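This report concerns only the one structure given below.
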Amino acid sequence: MSRFGLALASLAGAWMITTAHADARSAAVPDRHSYAQPTLFRVTHADLDLAVDFERSRLTGAVALTVERHDAQARELLLDSRDLTIHGVTVSTEGGRPDMAEFSVGERDAVLGSPIRIAMPGAAKGAKHVVRIEYETQPEASGLQWVSPAQTAGKQHPFLYTQSQAIHARSWVPLQDTPQVRFTYTARVRTPRPLLAVMSASNEVDTPRDGDYRFEMPQPIPSYLLALAVGDLSFRAIGERTGVYAEPATLDAAAHEFADVEDMLETCERLFGPYRWGRYDLLILPPSFPWGGMENPRLSFITPTVIAGDRSLVALIAHELAHSWSGNLVTNASWNDVWLNEGFTVYLERRIMEVLYGERRRAMEDVLGLQSLQRDIESLRGAGDAALTRLAVDLGGRDPDVGFSNVPYEKGRLFLGFLEARMGRPALDAFLREYFDAHAFQSVDTATFRDDLQAYMQRHPQHAVSAGDIDAWIHGEGLPANAVLPRSEAFAAVDRQAADWLAGGDTSVLGTGEWTTHEWLHFLDNLPEDLGAARMAELDAAFDLSEVGNNEIAHSWLRNVIRANYAPGYGRLEAYLTSIGRRKLVKPLYEELAKTPQGLERARAIYAKARPMYHGMLVAQLDELLAPAPAGDR
Ligand code: BES
Ligand code: ZN
């Protein structure tokens, strides 16, 4: 029985039954995105021994997987892989001698990669095998980004980073690549001498830079949180448990920008229970990183595009940190349940932001999030993908990277906001704390969460949340009518000022003197589509927006540049698209360009220059958008 069940057993017997039943079911839920068969064998530990070869853009070495047998009859272990070259496999049983094992690599599926089938010796249920696989990665490995010196901040040394979520760990380690399997790991990583390797594990802050690094991750993690980066990295402490790794050229700015991370950590602990991972550090990546951030345990990977100088974009740090509870500790059982990771995390993120920066800022971030959700719901509906506006989705055989939208994030956050409104904060906070404790270091699927919540509501009818309400949120499309929509007074003021300006006023009526980044984003994101180049020129003359340093504001400005065909903004557009590879900032601009024939031509010309810098995931999506693909393959 889970600890959640125990904690609440005194409140109601019914709880225990529901939870036990749900646990049994979640173990059996299949993961369409993995070939692994965890009911037969489960990986419990991985010991990596890898050399980082920048010349050949390959990792070479071995992984020794400790595999626990769950079925005495099973004779074959299935692992996930994508584009790996396997040199040999040995298997030992219960500490015995390793024997060469027969293996075969199956046909490559475009989304899933290739299953590796390994012949296993017989042994009793519960027996431990060690399966050691010698292998190397391919230069195109989907989870690895090999960054040339020119694309780093320092321009002297190459850089390598991994991005394993959602199903890319298999492209750099053969393993059971499903969030239903957790394992501890140890690693030895060899690099060129002046470079430092860091992982989602223990990182010794003053390790000698001898090109030979060792790591230990004692807390069990799912494969999508396996992470490695190698580069010319320095470390700066921020607080007692927090710090930042970055290239020397970026370190000062990063340490200044993220100075509040220790406070964020303490705030989240006060709200939702202890931080269970030891240290929490940040790693600043090159600008080609396709995500804003990635919650790799103990070491979040962060885009440099949030270093704005004024800490206006640090919600991203609160978000990745919050995943230490929602996601890393209690993990979605499959990518169909990703809202359990992302929706909870956005809710936690906003709570942290409110404590540290106040209600006004939290409300603005909530409203910006709501608008991004409303836009995505509209465009998913328009594309015939209304099923993706549900919280619990069925991705089927689709690539999780392609099914990505704001729905699991902001609709998930609104669901918790709805519960908060019905239950009151103290009750919701207590519920969440219990949930994190009960399912710590486990995977949870949507049905389990639904059962947990329903059982709780049956015992607390005063909260007036029915099974029907819960199911409408989880399985319904779009936004339920009982959603509690956030409002921002600050944005209401911006709307009034914008209306005055649009009615023909001078730019001074905008009263921008008081605006923070958020007000600018709200203003720029809500300008009429047919604003026209003349009024764009007015804004540019008054506020120098084509030169704005903040990357989010620049993004919103550049969308308007394209819509209005405002020629003086195109220089910045090209500079922007050829220097940043974060999908959220880049892809919508290409999409906007692609709406007209001239725009498409411009998009293709810029893309031809930018493509070598972009991450493979972004390249795959832009190749499709801007087809025919430019000559010369990656
Ligand atoms: N875990 C995600 C990134 C991710 C999602 C990678 C799905 C691969 C597949 C991360 O926590 C995240 O949500 N990042 C956001 C930032 C956040 C503030 C919404 C991003 O990258 O934009
Ligand atoms: Zn997230």
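Looking at the structure I just gave you, is T305 away from ligand 1 (no atom under 13 Å from the Cβ), in contact with a helix residue (DSSP H, G or I) (Cβ under 7 Å, 6 or more places away or on another chain) and of a type in the set (S, T, Y)?
No; evaluated as a whole, the condition is false for this residue.
Of these, A166, A197, which one is closer than 27 Å to G616 by Cα, out of contact with any strand residue (DSSP E or B) (no Cβ under 6 Å at 6 or more places or on another chain) and either loosely packed, with under 15 Cβ neighbours inside 10 Å or in contact (Cβ under 8 Å) with a residue 24 or more places away in the chain (or both)?
Values: A197 fails: out of contact with any strand residue (DSSP E or B) (no Cβ under 6 Å at 6 or more places or on another chain).
Unique residue meeting the criteria: A166.
Evaluate region 185-197: report whether one residue or more is outside the structural domain of I86 (by TED's automatic domain parsing), at pLDDT 95 or above, out of contact with any Cys (no Cβ under 7 Å at 6 or more places or on another chain) and among the polar types (S, T, N, Q).
no
From the set of residues in region 314-336 that are part of a loop (DSSP other than H, G, I, E, B) and more than 9 Å from ligand 1 (Cβ to nearest atom), which is farthest from Q180 (Cα to Cα)? Reasoning before the result, please.
Going through region 314-336, the residues part of a loop (DSSP other than H, G, I, E, B) turn out to be 314, 323-325, 327-329, 333-334.
Within this subset, residues satisfying the condition of being more than 9 Å from ligand 1 (Cβ to nearest atom) are 314, 324-325, 328-329, 333-334.
Numbers: V314: 31, S324: 17, W325: 17, N328: 12, L329: 12, A333: 5, S334: 7 Å.
Filtering region 314-336 for residues that are part of a loop (DSSP other than H, G, I, E, B) and more than 9 Å from ligand 1 (Cβ to nearest atom), the one farthest from Q180 (Cα to Cα) comes out as V314.
Count, please, the residues in region 123-165 that happen to be closer than 23 Å to I284 by Cβ and not hydroxyl-bearing (S, T, Y). Before you say what the answer is, go through the steps one by one.
To start, the set of residues in region 123-165 that are closer than 23 Å to I284 by Cβ comprises 141-165.
Going one step further and asking which of them are not hydroxyl-bearing (S, T, Y), we end up with 141, 143-147, 149-151, 153-160, 163, 165.
The qualifying residues number 19.
Pairs, please: C-beta under 7 Å, at least 6 apart or cross-chain, first residue surrounded by fewer than 13 Cβ atoms within 10 Å (Cβ to Cβ) and in region 461-475, second assigned to a helix (DSSP H, G or I) and polar (S, T, N, Q)?
Correct list of pairs: A467/Q454.
Can you tell me which of F301, F289 is within 16 Å of the chain's Cα centre (by Cα), away from ligand 2 (no atom under 12 Å from the Cβ), outside any helix (DSSP H, G or I) and buried (at least 24 other Cβ atoms within 10 Å of the Cβ)?
Being within 16 Å of the chain's Cα centre (by Cα), away from ligand 2 (no atom under 12 Å from the Cβ), outside any helix (DSSP H, G or I) and buried (at least 24 other Cβ atoms within 10 Å of the Cβ) holds for just one of F301, F289, which is F289.
Which residues, taken from region 392-429, are among the aromatic types (F, W, Y) and assigned to a loop (DSSP other than H, G, I, E, B)?
Passing the criteria: only F404.
For every residue, the table says whether it meets (1) under 30 Å from Q180 (Cβ atoms); (2) within 15 Å of ligand 1 (Cβ to nearest atom).
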residue: V338; (1), (2): yes, yes
residue: E349; (1), (2): yes, yes
residue: R362; (1), (2): no, yes
residue: L373; (1), (2): yes, yes
residue: I377; (1), (2): yes, no
residue: R390; (1), (2): yes, no
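Starting from region 351-377, take each residue that is over 15 Å from A318 (Cβ atoms) and list its partners that are in a helix (DSSP H, G or I) and of a type in the set (G, A, S), counting only C-beta distances under 7 angstrom and pairs at least six apart or across chains.
Every condition considered, the pairs that remain are R360/A490.
Within region 311-332, track down each residue that is over 13 Å from A440 (Cα atoms) and either without any contact (Cβ under 8 Å) to a residue 12 or more places away in the chain or more than 12 Å from ligand 2 (Cβ to nearest atom) (or both).
Result: R311, S312, L313, V314.
Can you name every residue in region 265-286 that is assigned to a loop (DSSP other than H, G, I, E, B) and within 14 Å of ligand 1 (Cβ to nearest atom)?
Here is the first cut: in region 265-286, the ones assigned to a loop (DSSP other than H, G, I, E, B) are 273-279, 285-286.
Within region 265-286, just L285 meets the criteria.
Does region 202-212 contain any residue that is part of a strand (DSSP E or B) and not assigned by TED's automatic domain parsing to the domain that holds L313?
yes
Where the second residue is within 9 Å of ligand 1 (Cβ to nearest atom) and of a type in the set (F, W, Y) and the first is under 12 Å from A246 (Cα atoms) and free of Cβ contacts under 8 Å to residues at least 60 places away in the same chain and lies in region 293-304, which pairs have Cβ atoms under 6 Å and are six or more apart or on separate chains?
Listed pairs, sorted by first residue: none to list.
Filter region 138-156 for residues that are surrounded by fewer than 19 Cβ atoms within 10 Å (Cβ to Cβ), in contact with an Asp or Glu (Cβ under 8 Å, 6 or more places away or on another chain) and not small (G, A, S) and give the result.
Passing the criteria: Q138, E140, Q156.
Restricting to region 246-286, count the residues that are on the phi > 0 side of the Ramachandran plot and buried (at least 17 other Cβ atoms within 10 Å of the Cβ).
Looking only at that region, the number is 1.
If I filter region 587-596 for residues that are away from ligand 2 (no atom under 16 Å from the Cβ) and touching an Asp or Glu at 6+ places or on another chain (Cβ under 8 Å), do I get at least one hit?
Checked against the condition, which is being away from ligand 2 (no atom under 16 Å from the Cβ) and touching an Asp or Glu at 6+ places or on another chain (Cβ under 8 Å), region 587-596 yields no hits at all.
Looking only at region 50-83, how many residues end up being closer than 27 Å to P220 by Cβ, in a strand (DSSP E or B) and out of contact with any helix residue (DSSP H, G or I) (no Cβ under 7 Å at 6 or more places or on another chain)?
The qualifying residues number 18.
Please go through (1) part of a strand (DSSP E or B); (2) closer than 27 Å to Q156 by Cβ; (3) in contact (Cβ under 8 Å) with a residue 60 or more places away in the chain for Y245 and return the number of the only condition it doesn't satisfy.
(3)
Report the residue count in region 475-514 for those that are within 23 Å of F543 (Cα to Cα) and in contact with a helix residue (DSSP H, G or I) (Cβ under 7 Å, 6 or more places away or on another chain).
Residues that pass the stated criteria total 12.
Within region 430-505, which helices (runs of 4 or more DSSP H) (wholly inside it) include 2 or more residues that are of a type in the set (V, I, T) and closer than 27 Å to V367 by Cβ?
Numbers: elements: 446-459, 467-475, 489-502.
Per the criteria, 467-475.
Going by what's in this entry, would A541 be described as exposed (fewer than 14 other Cβ atoms within 10 Å of the Cβ), more than 34 Å from the chain's Cα centre (by Cα) and assigned by TED's automatic domain parsing to the domain that holds W557?
Spelling it out, A541 is indeed exposed (fewer than 14 other Cβ atoms within 10 Å of the Cβ), more than 34 Å from the chain's Cα centre (by Cα) and assigned by TED's automatic domain parsing to the domain that holds W557.
Go through Q145, Q165 for me and flag whichever is over 22 Å from L196 (Cα atoms) and in contact with a Phe, Trp or Tyr (Cβ under 6 Å, 6 or more places away or on another chain).
Q165
Does A318 satisfy being touching a Ser or Thr at 6+ places or on another chain (Cβ under 7 Å) and either within 22 Å of Y185 (Cα to Cα) or buried (at least 24 other Cβ atoms within 10 Å of the Cβ) (or both)?
For A318, the condition - touching a Ser or Thr at 6+ places or on another chain (Cβ under 7 Å) and either within 22 Å of Y185 (Cα to Cα) or buried (at least 24 other Cβ atoms within 10 Å of the Cβ) (or both) - is not met.
Being more than 25 Å from R241 (Cβ to Cβ) and buried (at least 19 other Cβ atoms within 10 Å of the Cβ) is the filter here; which residues of region 200-223 pass it?
Restricting attention to region 200-223, the residues satisfying the condition of being more than 25 Å from R241 (Cβ to Cβ) are 210-212, 223.
Scanning region 200-223 gives a single hit, S223.
The values are calculated or read from the model by the stated rules, or taken from the named source; none is laboratory data. What you see is a predicted model; the values in this text were computed from it and never measured. Heads up, the Cβs are rebuilt from the backbone with ideal geometry, glycines too, and the neighbour counts pull from every protein chain shown.
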